[in-house]
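Let me begin by presenting the structure, written as structure tokens, before commenting on it.
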Amino acid sequence: MAASKNSNENHTPMMRQYHKIKMEHPDLLLFFRLGDFYEMFFEDAVTGSRELEITLTSRNNDRSGNPIPMCGIPYHAAENYLTRLLKKGFKVAICEQVEDPRQAKGIVRREVTRILTPGTTIEKGLLDSKENNYLGCLEDQDGVISAAFLDVSTGEFLAVEFSGNEAWLKTEQELYQFQPREILLAEGSAQRLEPVLKKILGPLAVYTPIPDWVFHEDYSRRLLLQQFKVSNLDGFGI
């Protein structure tokens, strides 16, 4: 992110606070609450201005005299803008003021209170009521392709396994059917699988790498047994 190129020593206390929070969420657009607005800065501001078609301005200058790119939206109208960003495949972190500015001693304390991604959104205003919004998960190990699809807003869940010569063909059919907005991939195989999936789904889906240990068989099996309150998975065909 562009912000990292500027030494914190060149910034005001509030902008240092911004940098600290942004460093914790480097791959997300950060909506930073300032009074009645959510503001974006640096590269986030350039991206937000372009994708939302809003004016790109600057917030004064840093202490070296460099202008800070900035754009903002009214907090009470954020839902519409968030919907547009999620549909375009962006992930957003919402950073709120978590104390009353009138009682703050120094900089108002701010924290990220929500993270929104295309496949995990549950807010009614951010979903299309006429269609499902699936989060997908896929792994290809030793010739066995495993895939799962979950609509977080309704709880609908499906998991499948395919092997043999037609494994990828059958997987493609599942992907076409469910059209997941976001797909979770193991970090160790994300670089290999993402190009394959982009050819199937096109550019709209978002791909999120997660730690490999989440895909370990023992861990995954235990989660499914606990979730569905069963002693084995034989009845599910996996």
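The values are calculated or read from the model by the stated rules, or taken from the named source; none is laboratory data. Please read these numbers as outputs of a predicted model, since none were measured by experiment. Every residue, glycine as well, gets a Cβ built from its backbone with ideal geometry; the counts of neighbours run over all protein chains shown. These accessible areas exclude ligands, DNA and RNA; they are computed on the full protein's heavy atoms, side chains included. Shrake-Rupley method; radii C 1.70, N 1.55, O 1.52, S 1.80 Å.
Contact order for segment 122-238, expressed relative to its length and based on alpha carbon pairs under 8 Å spaced 6+ residues apart, stands at 21 percent. Distance distribution P(r), segment 135-177, all Cα-Cα pairs, bin width 10 angstrom from 0: 29, 53, 17, 2 percent.
As a test, work out the antiparallel percent of DSSP beta bridges whose residues both lie in the chain, rounded to the nearest 5. About 75 percent, rounded to the nearest 5.
Counting only GluC sites (Glu not before Pro) that are in a DSSP loop and have at most 11 other C-beta atoms within 10 Å, tell me the longest site-free stretch of the chain. List each step's numbers first, then the result.
Numbers: sites that count: 53, 131, 166.
For GluC sites (Glu not before Pro) (loop position, at most 11 other Cβ atoms within 10 Å), the longest site-free span of the chain is 54-130.
Gyration tensor analysis over the Cα atoms of segment 80-238 returns equivalent ellipsoid semi-axes of 33, 19, 16 Å (largest first, whole Å).
Can you figure out the FRET efficiency of residue 199 with residue 25, using R₀ = 35 Å and their beta-carbon distance, to the nearest 0.05? Working from the Cβ atoms, E equals 0.75. Taking the square roots of five times each eigenvalue of the Cα gyration tensor of segment 189-233, the equivalent ellipsoid has semi-axes of 29, 13, 8 Å, listed largest first.
Computed over neighbours whose Cβ is under 11 Å from that of residue 119, the net charge equals 0, Lys and Arg +1, Asp and Glu -1.
When the alpha-carbon atoms of segment 117-208 are used, the pair Rg, Dmax equals 13.1, 43 angstrom.
With n ≥ 4 as the cut-off for DSSP H runs, can you work out [θ] at 222 nm for the chain, using -39500 (n - 2.57) per run divided by the number of residues, rounded to the nearest 500?
Numbers: 6 runs with 72 residues, N = 238.
Helix contribution divided over all residues of the chain: -9500 deg cm²/dmol.
A simple spin-label model places the labels of residue 163 and residue 213 2.7 nm from each other, with each point 7 Å out along Cα-to-Cβ.
Gain on full extension, evaluated as 0.36 nm per residue between residue 132 and residue 51 minus their Cα-Cα distance, stands at 26.8 nm.
With +1 assigned to the C-beta of every Lys and Arg and -1 to the C-beta of every Asp and Glu, and no other charges, what is the dipole magnitude of segment 96-238 about the Cα centre in debye, to the nearest 20?
Numbers: 15 positive and 23 negative charges, 124 e Å.
So the magnitude is around 600 debye.
Per atom type, segment 81-206 shows carbon and sulfur on 48% of its accessible surface, probed at 1.4 Å. Distance between the modelled labels on residue 99 and residue 36, one decimal in nanometres: 2.5 nm (7 Å Cα→Cβ projection).
The relative contact order of the chain, computed from alpha carbon pairs under 8 Å that lie at least 6 residues apart in sequence, is 12 percent. Site-free segments of the chain were taken between trypsin sites (Lys or Arg not before Pro) in DSSP loops having at most 15 other Cβ atoms within 10 Å, sites themselves excluded; the longest one is 131-228. D by Stokes-Einstein for segment 160-231, Kirkwood Rh over Cα pairs, 37 °C, 0.692 mPa s: 238 µm²/s. In the full protein context, the chain carries 58 Å² of accessible surface per residue, based on a 1.4 Å probe and ignoring ligands, DNA and RNA.
Averaging the inverse of every distinct alpha carbon separation and then flipping it gives the Kirkwood radius. What is it for segment 49-112, in angstrom units? Before the final figure, lay out the partial values.
Numbers: mean 1/r = 0.0704 Å⁻¹.
Hydrodynamic radius (Kirkwood, Cα pairs) of segment 49-112 is 14.2 Å.
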